[in-house]
Amino acid sequence: MQGALAGFFTIGAIVATGALLAHFKVLGELHRALLSRLAFLVASPALIFSLVSQADLTHLFSHTLTVSLLAIVLAAVAYLAVARAALGPFDARTVIGTLCSCYTNAGNLGLPIAAAIMGDMTWMAPIMLVQVGLLQPLALALLDTRSARRSGEPLAWHSYLTLPLRNPITTAVLAAVAVNLAGIELPPLLMTPMEMVGAVAVPAMLLAFGVSMRLDPLSRGGAHVPHVWLIQSVKVVLMPLAAWALGTFLFGLTGHELLAVTVIAALPAAQNIYVIASRYEVAVLLARDSIFLSTMLSVPSITLIAALLA
């Protein structure tokens, strides 16, 4: 349990560092944009490639992954249904809101928590593959399409099919899966610099997040606030409950398997959603506030889950 809390503390310390650097005017808006671009275009693809190319892909066919996928679908559908009924028509903001509702922080927070609570970080590999290989490319394709329409760029039907392939993160995922399935072991001459560049991704995301928190404090009002609280109810409450219920009553999971799917679902929204929102200049405050609140609320939530199911 102390290891899990240490993971939360590490993230908070880096975010606080970014906020302090912004407060003392060491970093500003241009630096925040630079950190976000560096994380999105360079460091994240390198990190994802180095992780996925060496991951155990047999986890993709387990019952625990099926439960996690169903929990993701239920969370996304719940958010979309309530958002459409109560908060207005769908737009680009809906894409970011849906990601915040079902895209978990399986990397920089999930890995240390998996090590501390389940004793095995490989529990996070399947959900990371699904998120970066399916959820993120779908969201990026929608946002790329929106950007192309706003700029007046003509897109033929086949252009929509290739839009995800033009994104560096999606390209890194596909290349890594291909290398993994082919059984290719890349030499340290290539992997070592890639892993070093990838190591920049998480600190860059968190520092940019902290800078944004100082430059634009947590909102108490605004059109995005109802969406933020809807996201919290779905991500922090509904999604872990759905994973626990599905695992218990539909798939008969027990022990570490049930604990793993419930903890994975209870993880907060991932920081890279904020990077995506910044990159496309859409719903930035929605992403930032949702990630911040879900991270704070997930601390007692995951602690309670671990106490009840461990």
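Any chance you could list the semi-axes, whole Å, largest first, of the equivalent ellipsoid that the Cα gyration tensor gives for the chain, using √(5λ)?
Listed largest to smallest, the semi-axes of the chain are 26, 24, 22 Å.
Calculate, in nm to one decimal, what THR145 and LEU304 gain on full extension: separation in residues at 0.36 nm each, minus their alpha carbon distance.
Residue separation times 0.36 nm, minus the Cα-Cα distance, leaves 53.1 nm.
For the pair LEU34 and ALA13, how long in nm is the line joining their label points, each one 7 Å along Cα→Cβ?
2.5
What chymotrypsin sites (Phe, Trp or Tyr not before Pro) does region 13-94 have in DSSP loop regions with at most 10 other beta carbons within 10 Å?
Here the chymotrypsin sites (Phe, Trp or Tyr not before Pro) that fit, given the DSSP loop and packing criteria, are PHE24.
Could you give the longest part of the chain that holds none of the GluC sites (Glu not before Pro) found in DSSP loops with at most 16 neighbouring Cβ atoms within 10 Å?
1-184
By how many nm would the segment from HIS256 to LYS25 grow when fully extended, if each residue of separation counts as 0.36 nm and the alpha-carbon distance is taken off?
In short, 78.5 nm is gained.
Can you give me the distance in nm between label points at SER62 and LEU297, each placed 7 Å from the Cα along the Cα-to-Cβ direction?
2.8
Please identify the longest segment of the chain free of exposed trypsin sites (Lys or Arg not before Pro), where exposed means a DSSP state other than H, G, I, E or B and no more than 16 other Cβ atoms within 10 Å.
26-219
With the crude spin-label approximation of a point 7 Å out along Cα→Cβ, what separation in nm comes out for THR122 versus VAL77?
Label at THR122, label at VAL77, 3.2 nm between them.
At R0 = 51 Å, how high is the FRET efficiency between VAL237 and LEU189 if r is their beta carbon distance? Nearest 0.05 is fine.
0.60
Just so you know, all these numbers are worked out from the coordinates, no wet-lab data involved. In this text, all values refer to a predicted model and were calculated from it rather than measured experimentally. With ideal geometry, Cβ positions are generated from the backbone for all residues, glycine too; neighbour counts draw on all protein chains shown.
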